[in-house]
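**Student:** Right, I'll just put the structure down here and ask away after.
The values are calculated or read from the model by the stated rules, or taken from the named source; none is laboratory data. Quick caveat, the model's predicted, so the values are computed rather than measured. Note that each Cβ is placed from the backbone with ideal geometry, even for glycine, and that neighbours are counted across all protein chains shown. Surface areas here come from the heavy atoms of the whole protein model, side chains and all, with no ligands, DNA or RNA. Shrake-Rupley method; radii C 1.70, N 1.55, O 1.52, S 1.80 Å.
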Amino acid sequence: MSDQFQADRTYDQVYLVFVDTSGYSTIVRSNPRDRAAHGFDLLRERMRARIGQVSARHRCARSDLWNWRGDGGFFAIHDDSESVARDVALEAARTFLTLDLRHLRDEFAQAGVDGELHVRMAVHKGAIRHTGEGRTGTIHSPDINLAAHLEKATPPDCLAVSEDVYRTAGRYAELFAHVGSHEGKDVYLMAGDGGPGEAAKAWLAGRGLAGGTPVHAYPERPSSAEKARLLDAAGAEVLDMGTALRTSSSRLVTTERPARYRDAVLSLLRRGGVYRCYLLDPSSDAAATLSRQYQEDMTRKIKDSLERFGRFKERYGAAADGLRVYQTDEFPGFSALAVDPRQSNGLILYSSYLMGTSPYGVIERGDMPHYLISPDAGRTYARILELTDARAATGQVERVV
């Protein structure tokens, strides 16, 4: 039986063990509320039992479940001998990840809890102060915030430790691989089902390389309904850039219903917005080169698009005044659909043209990966915006509709 943390006392070198469910929403969606709650209770009790067992074996002075909210929480472990607290924290966390988690999945199945159970775990250490409020009390410690953030950054079914823990990990150090940094501290990771190489790959898959920014990626061009959602979000301006804009122009004159994309364009124009389109000059050298590369009549496709844009404008008259179509002799190298791109809440959906062929023939432009970014992407967003501006200003640019 471990001692309680005492009120109004500061404890140094407290090991904080965080555990949280990864994939929580799949379990909640797949089960009645009471059954999902029962599953998370099993998780809490399995972790509590493991820490209690290891703590008793090492005769650790204090090991409390400090906080638990739904699908996760954290334990505070302390002993006057720091190596005891360290052994309890790291041994319990490792055993839970490599052994208890498998048994817990079996318990979920036996209890009829649907969904995949995955966990993220993190260990950090620092000083905490117990205020004496409530059963476990309120604690004040920036180290708790760091540990919580580290756990959120940890890949599923992995255990992360901060550099503070790794420096004193002793014989446990060989279990961990240095994978990067988080909030100014080096991070070391152990993958539950693999060695250091698996840990490094898991971290890179979730966090990416240094200096990167998150983007939304799609294997191919999003549907017209999804692109219409982008247009619906526009306040003043949409830029649509490509080679022939065949898909966009076709959607403006389609006879199919619902005409979701056309309705979004008309709604933008009727509220005073501008829909600005850029495509290749059909007589340009770039159009001729693409015709050879893609083995298609690019000139004809561009002229067909121009005819459809003109037909749309003729049909809707004054309501379509905000449609402006330009042609340029510069090959863009990418397509882009930009929504209020110079505003702080702008969005750009773009795709780079891959100039090559697949085993099945020429790669269609719509089959190439597409990426949605916002100004939160920092330099990536600024770079794409620069390229769209250059497209509108470089070479021979002429308004044709």
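**Student:** From the list 314, 307, 296, which residue is at pLDDT below 85, in contact with a helix residue (DSSP H, G or I) (Cβ under 9 Å, 6 or more places away or on another chain), assigned by the TED database to the domain that holds residue 267 and charged (D, E, K, R)?
**Tutor:** Only one candidate qualifies: 296.
**Student:** I'm trying to understand the selection: among the residues of region 14-39, which are surrounded by 18 or more Cβ atoms within 10 Å (Cβ to Cβ) and either touching a His at 6+ places or on another chain (Cβ under 8 Å) or part of a strand (DSSP E or B) (or both)?
**Tutor:** Residues satisfying the conditions are 14, 15, 16, 17, 18, 19, 20, 21, 22.
**Student:** Kindly evaluate residue 169 against the criterion of being more than 20 Å from residue 20 (Cβ to Cβ), open to solvent by less than 10 Å² (accessible area, probe 1.4 Å) and at pLDDT 95 or above. Lay out the reasoning, then the answer.
**Tutor:** On the way: more than 20 Å from residue 20 (Cβ to Cβ): yes; open to solvent by less than 10 Å² (accessible area, probe 1.4 Å): yes; at pLDDT 95 or above: yes.
When the stated conditions are applied, residue 169 passes them.
**Student:** Go through (1) part of a helix (DSSP H, G or I); (2) at pLDDT 95 or above; (3) among the basic types (Lys, Arg); (4) under 26 Å from residue 368 (Cβ atoms) one by one and return the number of the condition residue 276 breaks.
**Tutor:** (1)
**Student:** Yes or no: region 256-264 includes at least one residue that is closer than 30 Å to residue 149 by Cα and out of contact with any strand residue (DSSP E or B) (no Cβ under 8 Å at 6 or more places or on another chain).
**Tutor:** No, there is no match, as no residue in region 256-264 is closer than 30 Å to residue 149 by Cα and out of contact with any strand residue (DSSP E or B) (no Cβ under 8 Å at 6 or more places or on another chain).
**Student:** Also: Which one of the conditions (1) open to solvent by less than 40 Å² (accessible area, probe 1.4 Å); (2) in a helix (DSSP H, G or I); (3) at pLDDT 90 or above; (4) over 18 Å from residue 398 (Cα atoms) does residue 336 fail to meet, given that it meets all the rest?
**Tutor:** Unmet for residue 336, out of (1) open to solvent by less than 40 Å² (accessible area, probe 1.4 Å); (2) in a helix (DSSP H, G or I); (3) at pLDDT 90 or above; (4) over 18 Å from residue 398 (Cα atoms): (2).
**Student:** Now for a different question. So, residue 247, is that one more than 30 Å from residue 344 (Cβ to Cβ), hydroxyl-bearing (Ser, Thr, Tyr) and in a helix (DSSP H, G or I) or not?
**Tutor:** Against the criterion (more than 30 Å from residue 344 (Cβ to Cβ), hydroxyl-bearing (Ser, Thr, Tyr) and in a helix (DSSP H, G or I)), residue 247 does not qualify.
**Student:** Consider region 322-333. How many of its residues are modelled with pLDDT under 95 and open to solvent by 40 Å² or more (accessible area, probe 1.4 Å)?
**Tutor:** Count: 3.
**Student:** Taking residue 303 and the conditions (1) touching a Pro at 6+ places or on another chain (Cβ under 6 Å); (2) within 17 Å of residue 397 (Cβ to Cβ), which numbered condition does it fall short on, given that it satisfies the others?
**Tutor:** (2)
**Student:** Please go through region 194-214 and pick out each residue that is closer than 15 Å to residue 178 by Cβ, part of a loop (DSSP other than H, G, I, E, B) and open to solvent by 70 Å² or more (accessible area, probe 1.4 Å).
**Tutor:** 209, 210
**Student:** Of all residues in region 233-244, which are closer than 17 Å to residue 401 by Cα, not in a strand (DSSP E or B) and not polar (S, T, N, Q)?
**Tutor:** Correct list: 242, 244.
**Student:** Would you be able to say whether some residue in region 187-197 is within 30 Å of residue 348 (Cβ to Cβ) and of a type in the set (A, V, I, L, M)?
**Tutor:** Our first condition is that a residue be within 30 Å of residue 348 (Cβ to Cβ); within region 187-197, this holds for none.
Scanning region 187-197, I find no residue that is within 30 Å of residue 348 (Cβ to Cβ) and of a type in the set (A, V, I, L, M), so the answer is no.
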